[in-house]
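The numbers here are math on the coordinates, done by the rules we state, and not lab data. Keep in mind that this is a model prediction, so the values were computed, not measured. No Cβ is skipped: glycine too gets one built from the backbone with ideal geometry, and neighbour counts run over all protein chains shown.
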Amino acid sequence: ETGVTQTPRHLVMGMTNKKSLKCEQHLGHNAMYWYKQSAKKPLELMFVYNFKEQTENNSVPSRFSPECPNSSHLFLHLHTLQPEDSALYLCASSQWAEGDFLYEQYFGPGTRLTVT
Amino acid sequence: GENVEQHPSTLSVQEGDSAVIKCTYSDSASNYFPWYKQELGKRPQLIIDIRSNVGEKKDQRIAVTLNKTAKHFSLHITETQPEDSAVYFCAARPINTGTASKLTFGTGTRLQVTL
């Protein structure tokens, strides 16, 4: 699969577990994003990275910890999650917007997370 | 911050009919409005976008209109086909916020095209 890939595609974890989600983009982009998609709620932006530097943290609880070692890889480390954190977690990438010009965001297939 | 509302949440049309999805936004500084389509079990994909210096944009059977004064924008799909069945999300982005690629999404519209 080309473009933006995510692993695992499905994850079931207990509230005391620690797990990580991985995202990789093969598009040469320099910006990466984590979104949370819950039923009947809008796509919620969680984190934004530009050239590996975090530029946005949308008041996300500390039990979610992002990591961006380079512009092609993005991780979301999870620990002591709650059942309400169950959702589809989508990664996206784009070129970083310059001023008035915005580049399309390309989404990965998502990781379906269930917290038991 | 920006708030985007989207209506309706579900829409059922017969094949060949038109479908219209409407969104309103709150931040008058927003100037970029993309629409994403998410088929069942698949990732969201950009289908069309519009910038605030344009009132309407068309791409084959899809068109988007923008009314900056009223702060609303709409997606129009003509001659609908079964493959148009999906969830459609609108989004808005304000310019010069310091987080240039931040999008605020609507709650989505589930479009069902019936035969």
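Backbone N atoms of segment B:11-49 closer than 20 Å to the 7 Å Cα→Cβ label point of B:L115 belong to residues B:12-18, B:40. Between B:T78 and A:T16, take the C-beta separation as r, use R0 = 41 Å, and let me know the FRET efficiency to the nearest 0.05. My answer for the efficiency is 0.20. The order of B:R93, B:R43, going from fewest to most other C-beta atoms within 10 Å of their C-beta, is B:R43, B:R93.
Site pair B:S28 and A:H77 shows an inter-label distance of 4.5 nm when each label is modelled 7 Å from Cα along Cα→Cβ. Hey, with R₀ at 35 Å, roughly what FRET efficiency would A:K41 and B:R51 work out to, going by the Cβ-Cβ distance, to 0.05? Efficiency, rounded to the nearest 0.05: 0.85. With neighbour counts taken as other beta-carbon atoms within 10 Å, the residues A:H29, A:H79 rank, fewest first, as A:H79, A:H29. The ranking of A:H10, B:H7 from fewest to most other beta carbons within 10 Å of each one's beta carbon is A:H10, B:H7.
Computed on chain B, the Cα convex hull volume stands at 94 Å³ per residue.
Proximity of backbone amide H atoms, modeled 1.01 Å from N, is registered between A:N30 and A:S94, A:Q95, A:W96 at under 5 Å, excluding neighbours fewer than 5 places apart on the same chain.
Per-residue 3J(HN,Hα) values for segment B:39-53, derived from phi via the Karplus relation 6.51 cos²θ - 1.76 cosθ + 1.60 with θ = phi - 60°, read 6, 4, x, 10, 7, x, 9, 5, 10, 6, 8, 9, 10, 6, 8 Hz in sequence order (x marks Gly and Pro).
Considering only GluC sites (Glu not before Pro) in DSSP loops that have at most 14 other Cβ atoms within 10 Å, the longest stretch of chain B without any of them is B:40-78.
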